[in-house]
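First the structure, in the form of structure tokens, and then the observations on it.
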Amino acid sequence: MIKNSNLKEYNEYIAEKVKFFREKTLKNKKKYGKEQLNQPIAFWIKKDRLINEIGKQFTIILRTKGCSWSLGETGGCTMCGYVNDANIDDVDQSQVINQFNYAINTKISEIEKDHDNYILKIFNSGSFFDEKEITEDVRRTIYERIAKIENIKEFVIESRLEYITTESLSEIKEFLKEKYVEIAIGLETVNDYIRNNYINKGFLFEDFKEVYKECKEYNIGVKAYLLFKPPFLNEQAAIDDCVNSIRKLIELEINTISINPLNIQKGTLVEYLWYQNRYRPPWYYSLFKCLKKSLTQKDLDKVRILSDPSGAGTRRGIHNCLKRECENSAKLLLKNFVLSQNLSELEQNRFECDCKRKYQLQKNYC
């Protein structure tokens, strides 16, 4: 750890580094055309874990101006490259509505004919409640459309803490009182030092707990994102940090914990460290150790644990040795655990790879 006398200087150094890579990325970005601004970045349907059952998720990723934290003086988070998908310039709110409608209209027939229940996730690579990205009028239009789709039982959006207000909570509950609503927040860790000095997140765990209390008052669920293996932590430190975070969040009676193994995104400080061989994405072995160490089956009756890693099984995402059979086996193990919420699934690995020996030797160093 860095001495307190040097902490401010270190914080400024990290912030400057993050901002340097962010500005370099923005300088090379091309503007999107009208067609791209009237259609979402992506949308899809796949099997997923709902609060009390296995169902399907319908995910829509909207293209907006981008995260204000990332575009501001701080430069954003050390690992986040979602600004690459943003427009940077303001996106006309009619275009945001067009993006949403394009996705809904394409999939609505499939959803309404399906016997499964759905969870709708709307992400915009920033904060859903940030007026610079999505205005109140657009949010209300989205809520009105969702309220009419019967087998969408759950609705999830993302936001930084500063945009979650009593007004935004009251608004979403007013329209979607018949749905289970959950707000996903990038907490990343309960450790303030790691969150603000290694991730550059800009808030305290106490701030998170205050917003969590407000959400509970409106009967709105909270999903806490935990970053598995932030930069500057080795495998063992990552396990310890995530175990501690999971235990504290369970004590808090959080609704959902989503564990996000860090993946290397373009134009980030973490990518710079990765190119210098100063960072390796986590091993699956570490994630499984973390889950087994931090959870009991009784815990899973109270909290939903999710993990759907980006870039899994590649050099930029969580991986073991990159042998196809090893990676596919690990992916399946994680998927089955998430869908069933049954810890015994983590003991069902039918493939033992010799890379586990290498992992054991390296986990305290890489």
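Results for (1) within 30 Å of GLU251 (Cβ to Cβ); (2) under 25 Å from the mean Cα position of the chain (by Cα); (3) modelled with pLDDT under 95, shown as yes or no for each residue.
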site	(1), (2), (3)
VAL303	yes, yes, no
ASN320	no, yes, no
LYS323	no, no, no
GLN362	no, no, yes
CYS366	no, yes, yes
### Summary
Of those in segment 13-66 that are modelled with pLDDT under 95 and of a type in the set (Ser, Thr, Tyr), the residue farthest from TYR198 (Cα to Cα) is TYR32
### Residue check, ILE60 assigned to a loop (DSSP other than H, G, I, E, B), in contact with a helix residue (DSSP H, G or I) (Cβ under 7 Å, 6 or more places away or on another chain) and of a type in the set (Val, Ile, Thr)
no
### Failed criterion for GLY76 (all others in (1) touching a helix residue (DSSP H, G or I) at 6+ places or on another chain (Cβ under 7 Å); (2) assigned to a helix (DSSP H, G or I) hold)
(2)
### Message
When you scan segment 338-352, do you find a residue that is hydrophobic (A, V, I, L, M, F, W, C), surrounded by 12 or more Cβ atoms within 10 Å (Cβ to Cβ) and touching a strand residue (DSSP E or B) at 6+ places or on another chain (Cβ under 7 Å), even just one?
### Response
yes
### Message
With closer than 27 Å to GLU352 by Cβ, over 16 Å from the mean Cα position of the chain (by Cα), surrounded by 20 or more Cβ atoms within 10 Å (Cβ to Cβ) and modelled with pLDDT of 95 or more as the only criterion, which of ALA312, ALA330 stands out?
### Response
ALA330
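For segment 250-260, state whether one or more residues are under 27 Å from TYR212 (Cβ atoms) and in a helix (DSSP H, G or I). Can you show your working first?
Initial filter on segment 250-260 (under 27 Å from TYR212 (Cβ atoms)): 250-260.
Of the ones still in play, those that are also in a helix (DSSP H, G or I) are 250-251.
Among the residues of segment 250-260, at least one is under 27 Å from TYR212 (Cβ atoms) and in a helix (DSSP H, G or I), which makes the answer yes.
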### Task
Could you please let me know if LEU306 is closer than 14 Å to LYS229 by Cα and hydrophobic (A, V, I, L, M, F, W, C)?
no
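The values are calculated or read from the model by the stated rules, or taken from the named source; none is laboratory data. As the structure is a prediction and not an experimental result, all values here were calculated from the model. Please note: Cβ atoms are built from the backbone with ideal geometry, for glycine as well, and neighbour counts cover all protein chains shown.
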